[in-house]
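As structure tokens, the structure follows; a few thoughts come after it.
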Ligand SMILES: [Zn+2]
């Protein structure tokens, strides 16, 4: 993920499977820090087994992933900022931009962290490193130095941004091996700025040249850290170094296909990950030799479809900058909240920063555009409601359009005023969706959206619509400590799971945890190799017959009301005899007789000619939902209810999914919110407060932005069931700016929020 390209991609793996396949080269040169084949094979093998993952890399820099509730030592500069600004300079900014304006804006917005462009593609200071291109408009100025000095006077944490992905003719002439090479063996011109060249991310340009740049910046300015954009390459590079280093590491030639079924592609995929983590380690060691508290903050890493290993990135950084700048195409505002949850899964208590933009994010790349204040606002509010600290990203210090300034200022001033309630230490969610990078990489491969992500998005939408607070969990962190706060785990077609991961899930259920799984969950191993049966067949209580059906047209699900007149699975469906089916299902055979079978299959029947559209089979005994009460509860849907829900958004599927979560969770909900509209609800436990966010997503533009305006929803009745050690003293509305009445009954607190325009935050002092 990167701030300028797919920062706002619609939930799609950017570098992942779409990575380019290019040609080969025959030049020979030195190779910096290459893994030997033995080292690579060792780490690659270790990387495949969940338990060994933590040991594949040099000693952790910021410790292991923190377990919720266990504080980790994060340097003060990283822990402190609650409101970030990023100013990405463009090359001609030095001739005209007004540094005083920006420093004043940082001050007015009470921003306490900043990220300013320093170098890489363009240097904004008088660099002395050969081929480090100074801005053609720099003259004698040190623009970077001026901005840093001003920000330091404001007491801000300062990061410097570098972007190493492109360079110029002079660098290419002196160092042809710095340039990325395509599949035909040709050096790669930059696609958008044709006077430039794309650099190789895995060779000496990054390992040597950029290391020198980073050392110079930290030495000159002693900044807190460096933030890197587009540092992780542009797919397969066929330069001399890549050819040789990859061959040395793997014994293979560089891949020519984009499919993970190709052993060379798979080996390259892991080799690239390791190479880039080595790069981060080299950069980190270099700047820490100058400033021991400094850190490297690479852009990207924590999202479900990212091609980098989220665990490896997260353990190297004291904070994560999660880049999801805005919406594009069909995207719900909760997308940025999802990014927050994915990152929190691997970052624990370390700060998650939500990078949002002020412009439109579409493939046509209007980088100087400004979107509506409502759109910027809903994005930032969602980020904060989900525990992110806002980071406003602005490209170009020259203002082509000032309409965004006031809106961002309003958001930041409100956030500063209420800062003590917004530290968000511990989510109180009891439900979590598991995300699995290995499933995306090896099972989803080139179709990770359709085969993996759309299942998770279905559950995400269903839980938001159901107003059930939830988190996300990384599948390599299914140990008891990481799952301790959850009652229910949802596995949305989590196909690729190792035996060890399945054991962890069994242990979770054995200790009383509940699991909801769909479709092909556990039918593949951690490398994406299909098994003969589910690894979790014992948990589901069914075996796979080896047969699959789909796409199924005109198929339905019958509600078995006669057998189960009072089933909780029919809540909201009291008048429905049947509902639509999903699209793909597995044939399974039960291992046992199930106590309750609320849903059964009505098989597909012709959908044309209309005269022929009548069910051939009214009723079967084929279950569409297998329910078991082990120590915890297990619900298995042998079909793609979640993926179909994301595609079709049927309210009946929503109710089935919601009812299943409530059945699995089987306890008083942390919060119930009763009232009209589409709200994202999050609940946080802080040292002196319980903070509840209600973000009003109700909008004709909810599923496709940009928002034009906000539409208020009426009264919402809240009922919280709090831990017995929590005693609420009083409640305030942080947007409505007033104290409100509460009703207490044991551990239950009830209150009413009269109406919500864009958001409301209820702060309960404890
Ligand atoms: Zn290369």
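Worth pointing out:
- Cα centroid of segment 214-276 to Cα centroid of segment 427-445, whole Å: 25
- Of the three principal axes defined by the Cα atoms of segment 260-410, the extents in descending order read 46, 44, 30 Å.
- Percent of Cα-Cα distances greater than 16 Å, calculated over segment 489-594: 67
- Shown here is the pair-distance distribution of the chain: with all Cα-Cα distances grouped in 10 Å bins from zero up to the longest one, the shares run 3, 14, 24, 25, 19, 11, 4, 1, 0 percent.
- With the largest listed first and rounded to whole Å, the semi-axes of the equivalent ellipsoid of segment 71-153 from the Cα gyration tensor are 26, 17, 10.
- Across segment 315-447, the mean sequence separation of Cα contacts (distance under 8 Å, 6 or more residues apart), normalised by length, yields a relative contact order of 23 percent.
- For segment 151-221, the ratio of Cα radius of gyration to the globular rule of thumb 2.2 N^0.38 Å stands at 1.37.
- Separation of the residue 721 and residue 368 label points, Cα + 7 Å toward Cβ, nm: 5.7
- What separates the Cα centres of segment 529-559 and segment 71-145 is a distance of 54 Å.
- Normalised convex hull volume, segment 464-510, alpha-carbon set, Å³ per residue: 86
- Cβ-based exposure ranking for 610, 156, in which fewest neighbours within 10 Å come first: 610, 156
- Here 534, 570 are placed in order of increasing Cβ neighbour count within 10 Å, fewest first, which gives 570, 534.
- Residue-span extension gain [residue 530 to residue 580] - 0.36 nm each, minus C-alpha spacing: 15.1 nm
- Modelled spin labels at residue 168 and residue 587, positioned 7 Å past Cα toward Cβ, are 6.7 nm from each other.
- Computed on the Cα trace of segment 405-499, the radius of gyration divided by the Kirkwood hydrodynamic radius gives Rg/Rh = 1.10.
- Principal axes of segment 584-639: Cα extent on each, largest first, Å: 50, 19, 16
- Each semi-axis of the equivalent ellipsoid for segment 204-267 is √(5λ) with λ an eigenvalue of the Cα gyration tensor; in descending order they amount to 32, 13, 9 Å.
- Only Cα sites of segment 378-458 enter the Debye sum here, all with the same form factor; the resulting log10 I(q)/I(0) across q = 0.16, 0.19, 0.22 1/Å is -0.86, -0.92, -1.00, listed in q order.
- P(r) tail fraction, segment 641-724 - alpha-carbon pairs more than 14 Å apart, %: 74
- Value of D in µm² per second that Stokes-Einstein yields for segment 348-407, Kirkwood Rh from Cα pairs, at 37 °C (0.692 mPa s): 265
- For segment 597-751, the convex hull drawn through the C-alpha positions has a volume of 194 cubic angstrom per residue.
- Rounded, prolate or oblate (a/c below 1.5 giving rounded, otherwise prolate when a/b exceeds b/c) for segment 618-688 by Cα gyration tensor: oblate
- Averaging Cα coordinates gives a centre for segment 683-724 and one for segment 162-193; these two points are 48 Å apart.
- Mean residue ellipticity, 222 nm, helices only, the chain: the sum of -39500 (n - 2.57) across DSSP H runs of n ≥ 4, divided by residue count and rounded to 500, is -7500 deg cm²/dmol.
- Ranked for footprinting exposure by Cβ neighbours inside 10 Å, fewest first, 693, 727 give 727, 693.
- Extension gain, residue 419 to residue 398: 0.36 nm times the residue separation minus the Cα-Cα distance gives 4.5 nm.
- Spin-label model, residue 507/residue 288: points 7 Å from Cα along the beta carbon direction are separated by 2.9 nm.
No value in this document is a laboratory result; all are computed from the given coordinates. Please read these numbers as outputs of a predicted model, since none were measured by experiment. Every residue, glycine as well, gets a Cβ built from its backbone with ideal geometry; the counts of neighbours run over all protein chains shown.
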